[in-house]
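S.K.: Structure provided below as C-alpha cells; questions to follow.
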Amino acid sequence: MLKFKQVSEEELQRQRDLCVENKALWGNEKKYFIMTFGCQLNDNDSEKVAGLLREMGLSRAENKETADIILINTCSVRENASGRFYGNLGELKALKRANPNLIVGVCGCMMKQDVYVEKVKHSYSFVDIMFGPADIWRLPEILNRRLRGSRRVYDISNEELIAEDQPVLRERKYRALVSIMFGCNNFCTFCVVPYTRGRERSRNMDDIVKEVKTLAADGYSEVMLLGQNVDSYGKEIREYRKAYNNVFAELLRRCAQTGIKRLRFMTSHPKDISLELLDVMAEYPNIERHLHLPLQSGSNQVLHDMNRHYTIERYLNIVAEAKKRMPDLQFSTDIIVGFPGETEADFEQTLLIMDKVRYASSYTFQYSPRPGTPAALAAQVPQDVVDARFQRLVELQNSHSLEIAQAQIGRVCEVLIEGLSDHVDDRYTGRSSDNFLINFSVPKTAFPGRLREQTPQAKGDYLEGKFCRVMITEAKTFSLTGEYVDGLPDNFTE
Ligand code: SF4
C-alpha cells in the first residue's frame, strides 16, 4: 500500500459540505477577483482557489471594484515582490473602506514568511483571511468562519498535505496546468521556496495519469506537468524507487500514452535529470521538443556557492546527450547575474556556456537577496558591476535568440493556436512544440462555413486550442512570423 501525504476523504467531504453551507450563507450573484503573482505553480493554485469559489456559488468579477471577495496570491521569489504586494494591499484598503462587506484575503508563498505575516497583522488589519499555499483545500472552512462572524481568520498550517479531486477552474480552455508534486528539498542558497512551500511531496502517479487522461478526453490540447524540481518526482516514495529506475521518466511515459496531443513539463534540475528521461522525450513525438534546463551560472565555484549540486561538466554532458537524441531540441534556461562572490572570470564562464549551448531564450535575473536565505547574508557584488554584466548577458542572449529564430525561416511547423494576437491586427498566435512564439495569418478560405465572414475575434475563439501547420517567413528576437499552410479541421458546426 503506497503512502502519500494526502488529506483524508472524510476531511475533503467536510470541506465539500462547507462549500454548500457557504453558498447558502453567501447567497447568489457574489463575485470574486484573484490577483496572481509568480510562477505557473501559483497560476495553478489560483485555478484551484477559483474552482472552490465556484463551488460556493461565486463567479469571476471583471475587476476589483465589482468583487465581493478579492484574493492576492503572493510570490516571494520574484524581485520586488514585497513592494508590489504592499502596493496592491494599500489599494484594497480604499475599496474595503467604501464597502465594509468586501472580504480581502492574502495567500501564497509570502504567507509562509513571518516578516510578511507580522506586517499584514499590524499594518493591514483590514485583511479578513490569510492562508498558506498548502491550505487552499481548507478555503471553504476558512471562509465559513469569516462568514459566521469571525472578524479575521488568519490560518496558516504547518501541515503540508496533498488534496486530490479538487475542483479546478482552468484559465485556458486548451491548456491545463497539472501539479505533480509540491515543495522542494534543494535549498539553493538564493531561494526561499523550500521555506515557503515545504519539503517535496509527490502525488500518486495513478491520480496524475488519470487526470491527464481525463483532460485529453475533455478536449484539452496541451498539458503542462508542474513541479519545482520535476526530476525528483516520486523519489521520496520507497515503492516507486524500487519499481522504477527514474520515477519521473516513468510518469512522463505514462502521461504521453494518454492521448494528450502535447505534453510539456517544468522545471528540470541539472543534478537530477536522467538519460532515461531524455530517452522518453525522444520516443514520444507528443512530448515537447524543448527543454528548460536552469543553468544559473557557468562557474563551478558559483554553482557550489549556490548549493546547486552539479558541475558545468555534468550540465554540458546532459545538453550533449539531449542533442544526440533530439537534434531538433531547443533549450531555454534561467541565469542569475551578480550572485555574491561572482568574479569577472566566473561571469565570463557563464557567457562561454551560453555560447556553447545556444539557448533559444533565457530568463535572466540580477541577483537580489531574499530575506531568510543564506546568500542574503553574504557580501553583495556592487550594483554598477551587476548592471554592466547584466547588459552584456542580455545582449548575448538576444543575439543568440535572433540567430536561432532566423534559422527557422522556411520551416513548416505545427502550431498550437492560442487565439487572436494581442499585438498584430488580424493575426493569430500560438506556439510550436519547440516553444517558439509564432504570429501568423490565416486566409479567409481556410475557415469553414459562415465563420469566413465573421470578426477576427470570433475566428480567434474558433481557432483557440486547435493545431495547424505554419510556414515561417520572418524572424524577430522574441517571436516568429508565418503563413498558414494547412491542418485546420473542416468539421465546424455553427
Ligand atoms: S531547486 Fe533551488 S531554485 Fe529551484 S525551487 Fe528548489 S531551492 Fe529554489
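The values are calculated or read from the model by the stated rules, or taken from the named source; none is laboratory data. Every value quoted in this text rests on a predicted model; they were computed, and no experiment measured them. All Cβ positions, even for glycine, are placed from backbone atoms using ideal geometry, and neighbour counts span all protein chains on display. Surface areas here come from the heavy atoms of the whole protein model, side chains and all, with no ligands, DNA or RNA. Shrake-Rupley method; radii C 1.70, N 1.55, O 1.52, S 1.80 Å.
S.K.: Okay, which of the stretch 338-375 sit inside 20 Å, backbone N to the point 7 Å along the Cα-Cβ direction of PHE478?
M.R.: Backbone N within reach: 359-367.
S.K.: If I compute solvent accessible area with a 1.4 Å probe over the protein chains, what percent of it on the stretch 412-486 is carbon and sulfur?
M.R.: That fraction is 46 percent.
S.K.: In Å², and per residue, what accessible area does the chain have when probed at 1.4 Å with the other protein chains present?
M.R.: Per-residue accessible area for the chain comes out at 44 Å².
S.K.: Which net charge results when you count Lys and Arg as +1 and Asp and Glu as -1 among the other residues whose beta-carbon is under 14 Å from that of ALA256?
M.R.: +1
S.K.: Using a 1.4 angstrom probe on the protein heavy atoms only, could you order GLU276, GLU159, GLU222 from most to least accessible area?
M.R.: Of GLU276, GLU159, GLU222, the descending order of accessible area is GLU159, GLU276, GLU222.
S.K.: On alpha carbon coordinates alone, what is the Rg over Rh value for the chain, Rh being the Kirkwood radius?
M.R.: Using only Cα positions, Rg/Rh for the chain is 0.96.
S.K.: Once label points are set 7 Å from the Cα along Cα→Cβ at both ALA282 and LYS119, what is their separation, rounded to one decimal in nm?
M.R.: 4.9 nm
S.K.: Find which of SER362, VAL280, GLY132 sits farthest along the positive direction of the dipole of the chain, computed with +1 on the beta-carbon of Lys and Arg, -1 on that of Asp and Glu, about the Cα centre.
M.R.: Looking along the dipole axis, the top candidate is GLY132.
S.K.: Explain nothing, just the number: relative contact order of the chain, from Cα pairs under 8 Å at least 6 residues apart, as a whole percent.
M.R.: Rounded, it is 10 percent for the chain.
S.K.: Return the whole-Å distance between the Cα centroid of the stretch 247-262 and the Cα centroid of the stretch 403-443.
M.R.: Here the answer is 26 Å between Cα centres.
S.K.: Further, regarding this structure: Would you work out the charge dipole size for the chain about its Cα centre, treating the Cβ of every Lys and Arg as +1 and the Cβ of every Asp and Glu as -1, and quote it to the nearest 20 debye?
M.R.: Charge dipole of the chain: 880 debye, to the nearest 20.
S.K.: Dipole of the stretch 1-92, Cα-centred, from +1 at each Lys and Arg C-beta and -1 at each Asp and Glu C-beta, to the nearest 20 debye?
M.R.: Using only the charged Cβ atoms, the result is roughly 160 debye.
S.K.: If you don't mind, there's one more thing I want to ask. Under the rule a/c < 1.5 gives rounded, and otherwise a/b versus b/c splits prolate from oblate, where does the stretch 172-288 land using the Cα gyration tensor?
M.R.: prolate
S.K.: In what order, largest first, do ARG84, ARG97, ARG325 sit by accessible area if the probe radius is 1.4 Å?
M.R.: Listed by decreasing accessible area, they come as ARG97, ARG84, ARG325.
S.K.: Could you tell me which of the pairs LYS5/LYS213; LYS173/LYS466; LYS5/LYS242; LYS210/LYS466 are separated by over 21 angstrom between their Cα atoms in the structure shown?
M.R.: Correct reply: LYS5/LYS213; LYS210/LYS466.
S.K.: What lysines sit close enough to LYS96 to cross-link, taking a C-alpha to C-alpha distance under 17 Å and skipping anything fewer than 8 places away on the same chain?
M.R.: In chain and number order, the partners are LYS30, LYS31, LYS64, LYS121.
S.K.: How long is the stretch 9-155 along each principal axis, judged by its Cα atoms, biggest number first, in Å?
M.R.: 39, 36, 27
S.K.: Shifting gears a bit: List the GluC sites (Glu not before Pro) within the stretch 32-93 that DSSP assigns to loop and that have no more than 15 neighbouring Cβ atoms inside 10 Å.
M.R.: Passing both the DSSP loop test and the Cβ count: GLU62, GLU79.
S.K.: How large is the translational diffusion coefficient of the stretch 283-380 in µm² per second when you combine the Kirkwood radius over alpha carbon pairs with Stokes-Einstein at 20 °C and 1.002 mPa s?
M.R.: Once the numbers are plugged in, D ends up at 148 µm²/s.
S.K.: Around LYS96, under 13 Å between beta carbons, what's the net of Lys plus Arg minus Asp minus Glu among the other residues?
M.R.: Spelling it out: positives minus negatives among the neighbours equals +1.
S.K.: For an R0 of 41 angstrom, estimate the FRET efficiency from the Cβ-Cβ distance between ALA458 and LEU377 and round to the nearest 0.05.
M.R.: The formula returns an efficiency of 0.15 here.
S.K.: Then there's this: Give the list, by residue number, of cysteines in the chain with no other Cys Cβ closer than 4.7 Å, or say none.
M.R.: So, CYS19, CYS39, CYS75, CYS107, CYS109, CYS184, CYS255, CYS413, CYS468.
S.K.: If you average the alpha carbon positions of the stretch 73-134 and of the stretch 223-241, how far apart do those two centres end up, in angstrom?
M.R.: The two parts, judged by their Cα centres, are 31 Å apart.
S.K.: Which of the listed residues, LEU225, GLN166, THR445, is farthest toward the dipole's positive end in the chain, when Lys, Arg count +1 and Asp, Glu count -1 at the beta-carbon?
M.R.: GLN166
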